[in-house]
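What follows is one structure encoded as structure tokens, with my remarks underneath.
The values are calculated or read from the model by the stated rules, or taken from the named source; none is laboratory data. None of these values were measured; they are calculated from a predicted model. No Cβ is skipped: glycine too gets one built from the backbone with ideal geometry, and neighbour counts run over all protein chains shown.
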Amino acid sequence: MDLTFTGRDLQVTDEIREVAGHKLSRLERMEPRAVRIDLEFIAEHYPRLDGLKRVEAALFIPRKTFRAHAEADDVPTALDRVADKLERQLRDHHGKRRASVHKAGLESAHLNPEPADNDESDGD
């Protein structure tokens, strides 16, 4: 899985790269088809939000993209929150897939019931 880093008004250091790789590695274990994660680190400079760090992430898997963002006083905390949000989205996505596959399997079983075995057949 590739990690792409972008910093807006915030320099992306090796420490931030290492922390991001560690915190987001659990997403790769949950979804082995993950192709890429784009991370954007933003330093907010509004008077009310001065010093606040914002992290935006986009997780790409084939035919699906998950997006999340979080704000915190420091980058590792914001990364934690983004990782939690992406993990929840992946869990929900897997649950929906399993439910639809399971539901489709039950419907086909009800439409085409297997014939019952006849144990009372005469074998003489």
| What pairs can you find where one residue is in region 12-24 and within 15 Å of residue 82 (Cβ to Cβ), the other is part of a helix (DSSP H, G or I), and their Cβ atoms are less than 7 Å apart, with a gap of 6+ or different chains? | 16/75; 19/76; 19/79; 20/79; 23/79; 23/80; 23/83; 24/83
| query | Can you name the residue in region 66-96 that is assigned to a strand (DSSP E or B), of a type outside the set (Lys, Arg) and within 18 Å of the chain's Cα centre (by Cα) and, of all such residues, is farthest from residue 19 (Cα to Cα)? | reply | 66
| Hits in region 35-69 - residues which are surrounded by fewer than 15 Cβ atoms within 10 Å (Cβ to Cβ) and among the basic types (Lys, Arg) | 36, 48, 63, 64, 67
| Top-ranked residue of region 1-34 - restricted to ones that are closer than 20 Å to residue 91 by Cα and basic (Lys, Arg), ranked as surrounded by the fewest Cβ atoms within 10 Å (Cβ to Cβ) | 29
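Can you name the residue in region 11-65 that is part of a loop (DSSP other than H, G, I, E, B), of a type in the set (A, V, I, L, M, F, W, C) and closer than 16 Å to residue 75 by Cβ and is also modelled with the lowest pLDDT among such residues? Walk me through how you get there before you give the answer.
Here is the first cut: in region 11-65, the ones part of a loop (DSSP other than H, G, I, E, B) are 11-13, 31-35, 44-52, 62-63.
Subsequent filtering for residues that are of a type in the set (A, V, I, L, M, F, W, C) retains 12, 34-35, 49, 52.
Within this subset, residues satisfying the condition of being closer than 16 Å to residue 75 by Cβ are 12, 49, 52.
Working: 12: 94, 49: 62, 52: 90.
Among residues in region 11-65 that are part of a loop (DSSP other than H, G, I, E, B), of a type in the set (A, V, I, L, M, F, W, C) and closer than 16 Å to residue 75 by Cβ, the one modelled with the lowest pLDDT is 49.
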